[in-house]
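Read the structure below first, then the notes.
Read-outs throughout are calculated quantities, based only on the coordinates presented, and are distinct from any laboratory measurement. This is a predicted model, so every value here is computed, not measured. With ideal geometry, Cβ positions are generated from the backbone for all residues, glycine too; neighbour counts draw on all protein chains shown.
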Amino acid sequence: MNHLLDITTSTLASTYRFWRGTTASKTIAQPEEMLILFDQEGCPKCRLVREVLTELNLDVVIAPCPVGGQNLTKFHSAFDNINPPMLVDLNGSNITKGAEDIIHYLFSQYKAQQPPKACLGKLRSALTSNLATGIRLGAGIKAKPSKQPALPLILFSFESSPFSRPVRERLCELELTYILVNLGKQQFSDMGPASFHWSLTAYKPLPNTKRDEFFKQHGNVQVPYLIDPNTDTEMFESKDILQYLTGTYGV
Ligand SMILES: N[C@@H](CCC(=O)N[C@@H](CS)C(=O)NCC(=O)O)C(=O)O
């Protein structure tokens, strides 16, 4: 797909979801063992879980299970043909299945509260998340033939980021396991594209946050940012990352 069209429909997908998965909590500490999400990027229910992960500022290992791929076949035989999303929390050896239960679990475990109504998979969420999937024309749902690397990749992203979504879709289609580092926005001046933050003075993220750490390393905050430890590659720019993933892991 033409990249401009790709980003336009990705922006519409975020708009259909009212830009859920943009802001992030300032306070939550990462659990000792990273959470693992069995996920399908284009699946409307998985999206609702990833939005909450951004909003709670939790990082997660994404195990992509696209339709027609080996991961989904293994997942189906291990878990009685259920479909993603499924969350594994090794901190309490807890397995939670289904978007609504996962969202309840995440809020009670990591924020000690009930999820706000807007987070739950009721009719409006189901409708708008299905619309978001529809406008992406099935991207991030079906597996493509791929070569598998030894180590998980690392992606800095936040759920509603229009530039990051196509990258997550490609990672899913190629069945590439990755660590998703959520860099949701934590203050007004985090808003805007990477080239322009809404700040009257020089942009600065909140101190002692993941954004702050990223800023100190790179001099700005911009997502998507991909690290591939298998090839010692680190890169910005969604278009370049998409080409890299297909060129390196597609067959
Ligand atoms: N040309 C870049 C644009 C990336 C970009 O503007 N990303 C936005 C998020 S969609 C961003 O990093 N905003 C700054 C921020 O979140 O602080 C690309 O294609 O990757």
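DSSP loop GluC sites (Glu not before Pro) in the stretch 1-48 with at most 14 other Cβ atoms within 10 Å of their Cβ, which ones? Intermediate values should be presented prior to the final figure.
Values: sites: Glu32, Glu33, Glu41; in loops: Glu32, Glu33, Glu41.
In loop regions of the stretch 1-48 (DSSP not H, G, I, E or B), the sparsely surrounded GluC sites (Glu not before Pro) are Glu32, Glu33.
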> Once amide H atoms are placed 1.01 Å from N in the peptide plane, what residues at a sequence separation of 5 or more from Lys185, or on another chain, have their amide H within under 5 Å of its amide H?
Replying inline: Thr23, Ala24
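Over the stretch 106-236, what relative contact order in percent results from Cα pairs under 8 Å that are six or more residues apart?
Values: 151 pairs, mean separation 29.6, N = 131.
The value is 23 percent.
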> In the chain, which cysteines lack any other cysteine Cβ under 4.7 Å from their own?
Replying inline: Cys65, Cys119, Cys172
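So for Leu137, Leu242, fewest C-beta neighbours within 10 Å to most, what's the order? Walk me through the numbers on the way to the answer.
Values: Leu137 10, Leu242 20.
Exposure proxy ranking, most exposed first: Leu137, Leu242.
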>> Under a crude label model (7 Å from the Cα following the beta-carbon direction), how far is Asn81 from Glu234 in nanometres?
In response: 4.7 nm
> What nm value, rounded to one decimal, do you get for the distance between Ala202 and Gln243 when each label is placed 7 Å out toward the C-beta?
Replying inline: 3.2 nm
> In straight Cα distance, which aspartates and glutamates are under 14 Å from Lys216, not counting same-chain residues fewer than 8 positions off?
Replying inline: none
>> Whole percent per 10 Å bin, from 0 to the bin with the longest distance: what is P(r) over all C-alpha pairs of the stretch 132-235?
In response: 14, 41, 30, 14, 1
> Under 19 Å Cα-Cα from Lys122, which aspartates and glutamates qualify once same-chain neighbours fewer than 8 residues away are excluded?
Replying inline: Glu51, Glu55, Glu100, Asp101
> Can you give the relative contact order of the stretch 1-108 as a percent, counting alpha carbon pairs under 8 Å and 6+ residues apart?
Replying inline: 27 percent
>> Under the 0.36 nm per residue contour assumption, what length would be gained going from the current alpha-carbon distance of Thr27 and Gln187 to full extension?
In response: 56.3 nm
> For Ser93 and Ala118 in one chain, what is 0.36 nm times their gap in residues minus the Cα-Cα distance, to one decimal in nm?
Replying inline: 6.2 nm
>> Restricting to DSSP H runs of at least four residues, report the calculated mean residue ellipticity at 222 nm for the chain, -39500 (n - 2.57) per run over all residues, nearest 500 deg cm²/dmol.
In response: -11000 deg cm²/dmol
> Ala150 to Leu127: FRET efficiency via 1/(1 + (r/R0)^6), r the Cβ-Cβ distance, R0 41 Å, to the nearest 0.05?
Replying inline: 0.50
> Hey, what do the phi angles of the stretch 199-208 turn into as Karplus ³J(HN,Hα) couplings, whole Hz, using 6.51/-1.76/1.60 and θ = phi - 60°, x for Gly and Pro?
Replying inline: 9, 6, 9, 4, 5, 9, x, 4, x, 6
> Across the stretch 164-176, in residue order, what do the Karplus-derived ³J(HN,Hα) couplings come to in whole Hz, using 6.51 cos²θ - 1.76 cosθ + 1.60 with θ = phi - 60° and x for Gly and Pro?
Replying inline: 7, 4, x, 5, 5, 4, 5, 4, 5, 4, 8, 6, 8
> With +1 on each Lys and Arg Cβ and -1 on each Asp and Glu Cβ, how big is the dipole of the chain about its Cα centre, in debye rounded to the nearest 20?
Replying inline: 720 debye
> Between the DSSP loop rule and a limit of at most 16 other Cβ atoms within 10 Å, which trypsin sites (Lys or Arg not before Pro) in the stretch 15-50 are left?
Replying inline: Lys26
>> Below 8 Å between Cα atoms, with a sequence gap of 6+, how large is the relative contact order for the stretch 41-101 in percent?
In response: 30 percent
> Could you name the aspartates and glutamates in cross-link range of Lys97, using Cα to Cα under 14 Å and dropping any fewer than eight places away on the same chain?
Replying inline: Asp39, Asp80, Asp89
> What's the Cα-based Rg to Rh of the stretch 74-195, Rh via Kirkwood?
Replying inline: 0.96
> With the Cα gyration tensor of the chain giving a ≥ b ≥ c as the square roots of its eigenvalues, does the rule (a/c under 1.5 for rounded; else a/b larger than b/c for prolate; else oblate) give rounded, prolate or oblate?
Replying inline: rounded
